[in-house]
Amino acid sequence: MSAIAKLALEDGTVFTGRAFGAVGTSEGEVVFNTSMTGYQEILTDPSYEGQIVTMTYPLIGNYGINRRDVESKRIHVAGFIIKELSPIYSNYRADLGLDEYLKQNNVIGLQGIDTRALVRKLRIGGAMRGILSTEIVDDAALVDKARHAAQMAGADWVQAVKPTENYTWDEDQGDWSQGKVERGDGLHVVALDCGAKSNILRHLAERGIKITVLPPDTTADQILKLRPDGLFISNGPGDPAVLDYAIKPIKGVLDQIPTFGICLGHQLLGRAIGADTYKLKFGHRGGNQPVMNLDTGRVEITSQNHGFAVDRKSLEAAGGVVTHVNLNDQTVEGFRHGTLPVFSVQYHPEASPGPHDASYLFDAFVEMMKTKKAPTGKRLAELQALRT
């Protein structure tokens with residue numbers, strides 16, 4: 001019989017269920033993800049550093065874990081909450097089960113609670129600090145610990161996931177290649193790794209681009225010395241407002257290098273041109289987020305994982321042109337600069353929820369490096385038409 005595990009929220013709510021994975025106690029911001037599949041990619045996404053993730057889909061673990069579909073070298077979530085753990089897994093590519101995978105990575109899992117009630121509470125009250133434990137059984141003690149846990153606003157989690165040295169990347173999509181793409185043979189991209197998902201880098205490599213990856217606390221001079229044709233700024237965890245060390249080198253090269261950002265990279269680009277960012281009530285996390293491309297008039301079904309957004313009014317005042325909006329709440333999901341070769345999106349075009357609705361953006365980046373101009377709405381429409 002499984003051991004007892006508890007989740008305590010800062011508002012005083014305590015959920016009691018059954019433990020799986022590792023034993024111990026962990027803290028983090030409790031959030032939810034609405035994806036029906038992709039739990040392995042969610043677990044290994046560095047953008048989830050410092051967060052306890054709740055899955056809204058009720059049965060998780062039925063296709064197991066394989067060693068290839070990871071987004072980084074380890075699990076990054078602070079804890080994993082589900083309604084029911086599948087007792088068996090079945091997939092010809094699977095290497096092990098979810099329970100064992102969490103044990104190997106020392107991550108606590110909780111199953112058997114009313115995840116609908118938890119998610120409803122987070123939607124109404126917003127994401128909350130929480131404590132997940134298989135050790136502490138006193139509810140009051142757990143709630144007190146949750147109320148003293150670190151806040152996500154003002155938190156620099158990039159330091160926990162950034163690389164310690166430069167590296168190169170040449171792995172492409174292999175068997176998952178999408179066929180014809182805009183080739184970037186001979187082009188060189190410098191990628192600032194704030195917690196980059198591997199599949200983003202695979203998409204760049206798929207287009208024949210040479211990729212040099214640098215930590216985000218590099219300098220503009222170090223970037224320029226590599227003489228790149230383009231700069232890519234990755235996803236990552238935490239609050240963009242406190243990442244001045246990452247914003248400074250971006251500011252230093254924006255007028256010299258075509259630049260593309262995804263997720264946190266989008267937020268950092270926004271701040272680099274003078275826009276503000278703010279924390280969302282409960283964030284956007286899932287593989288079914290509808291985004292309108294204002295240039296093309298098409299709706300993309302997107303994968304998202306973010307708790308902060310770029311403020312539209314300040315973005316437009318700083319010279320940004322909004323290109324994409326979230327159809328659920330009208331938040332900014334993408335922009336280009338009015339005069340500089342710069343564009344970005346808040347969502348993840350590499351994650352294939354549509355399944356390829358948004359991968360045209362990588363082609364647009366390649367083309368921007370060649371033309372030195374941000375993509376026009378007409379050209380985005382032409383590139384997107386090749387993917388649908």
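Each stretch of four or more DSSP H residues adds -39500 (n - 2.57); spread over every residue of the chain, this sum gives -7000 deg cm²/dmol at 222 nm. Cross-link partners of Lys378 among lysines, defined as those whose alpha carbon lies under 16 angstrom from its own and excluding same-chain residues fewer than eight positions apart, are absent. Say each of Arg298 and Thr16 gets a label point 7 Å from the Cα, pointing the same way as Cα to Cβ; how far apart are those two points in nm? According to this spin-label approximation, the distance is 5.2 nm. Here r is the Cβ-Cβ distance between Glu316 and Leu96 and R0 is 41 Å; the resulting FRET efficiency, rounded to 0.05, is 0.25.
Among DSSP beta bridges lying fully in the chain, give the percent that are antiparallel, nearest 5. Given both bridge residues lie in the chain, the antiparallel proportion sits at roughly 60 percent. Among Leu43, Leu224, Leu110, the residue with the largest mean-square fluctuation in a Gaussian network model of the chain, with springs joining Cα atoms closer than 10 Å, is Leu224.
For the pair the range 359-377 / the range 236-256, the C-alpha centres are spaced 21 Å from each other. Students often get this wrong, so try it: which of (1) 50, 28, 21; (2) 35, 22, 19; (3) 44, 25, 19 is semi-axes √(5λ) of the Cα gyration tensor in Å as calculated from the structure shown? Answer by label: (2).
Kirkwood radius for the range 288-332, taken over all pairs of different Cα atoms as the inverse mean of 1/r, rounds to 11.2 Å. What share of Cα pairs, in percent, lie more than 15 angstrom apart in the range 160-215? When every Cα pair of the range 160-215 is considered, 45 percent fall beyond 15 Å. Surface composition of the range 226-303: carbon plus sulfur atoms contribute 45% of the solvent-accessible area (1.4 Å probe, protein chains only, all chains present). So which lysines pass the test for Lys145, namely a Cα distance under 21 Å, with those fewer than 8 places away in the same chain ruled out? Cross-link targets: Lys6, Lys121. For the chain, with a Gaussian network of springs between Cα atoms less than 10 Å apart, report the residue from Asn33, Asn199, Asn166 with the top mean-square fluctuation. Largest GNM mean-square fluctuation: Asn166.
So if I take the alpha carbon set of the range 177-248, get Rg, then get Rh from the Kirkwood formula, what is the Rg over Rh ratio? The Rg/Rh ratio comes out at 1.01. Per-residue Karplus couplings for the range 224-235, computed as 6.51 cos²θ - 1.76 cosθ + 1.60 with θ equal to phi - 60°, are listed in order as 5, 4, 7, 6, x, 8, x, 10, 10, 10, 8, 5 Hz, Gly and Pro entered as x. Each residue of the range 325-333 is assigned a 3J(HN,Hα), and the resulting list reads 9, 7, 6, 7, 9, 6, 6, 5, 10 Hz, derived from the Karplus form 6.51 cos²θ - 1.76 cosθ + 1.60 (θ = phi - 60°), x at Gly and Pro.
Solvent-accessible area per residue in the range 185-329 equals 32 Å², computed with a 1.4 angstrom probe and all protein chains kept. Computed in the context of the full set of protein chains, the accessible area of the range 130-204 at 1.4 Å probe radius has 46% of its extent on carbon or sulfur.
Computed over the alpha-carbon pairs of the range 195-296, the distance histogram in 10 Å steps reads 13, 44, 34, 9, 0 percent, short to long. Between Lys378 and Thr34, the simple label model (points 7 Å from Cα in the Cβ direction) yields a spacing of 3.6 nm. Take the Cα of Gln330, step 7 Å toward its Cβ, do the same at Asn66, and the gap between the two points is 4.3 nm. Taken one residue at a time, the phi angles of the range 130-142 give Karplus couplings (6.51, -1.76, 1.60, θ = phi - 60°) of x, 10, 10, 8, 9, 10, 8, 9, 7, 4, 4, 5, 5 Hz. Gly and Pro are set to x. Among beta bridges from DSSP that stay inside the range 1-126, the antiparallel ones total about 45%. Given a Förster distance of 41 angstrom, what is the FRET efficiency for Gln173 paired with Ala150, based on the Cβ-Cβ distance and rounded to 0.05? Once rounded, the FRET efficiency stands at 0.65.
Of the peptides 301-314, 370-383, 321-334, 252-265, the order by per-residue mean of other Cβ atoms within 10 Å, starting with the highest, comes out as 252-265, 301-314, 321-334, 370-383. Separation of the range 1-56 and the range 272-302, taken as the distance between their Cα centroids, equals 24 angstrom. Residues considered: Asp175, Asp99, Asp295. Largest GNM mean-square fluctuation over the chain, using C-alpha springs under 10 Å, is found at Asp175.
The values are calculated or read from the model by the stated rules, or taken from the named source; none is laboratory data. Bear in mind the structure is a predicted one, so any value in this text is a computation, not a measurement. Backbone-built Cβ (ideal geometry, glycine too); neighbour counts: all protein chains shown. Calculation scope for accessible area: heavy atoms of the full protein, side chains included, ligands and nucleic acids excluded. Shrake-Rupley method; radii C 1.70, N 1.55, O 1.52, S 1.80 Å.
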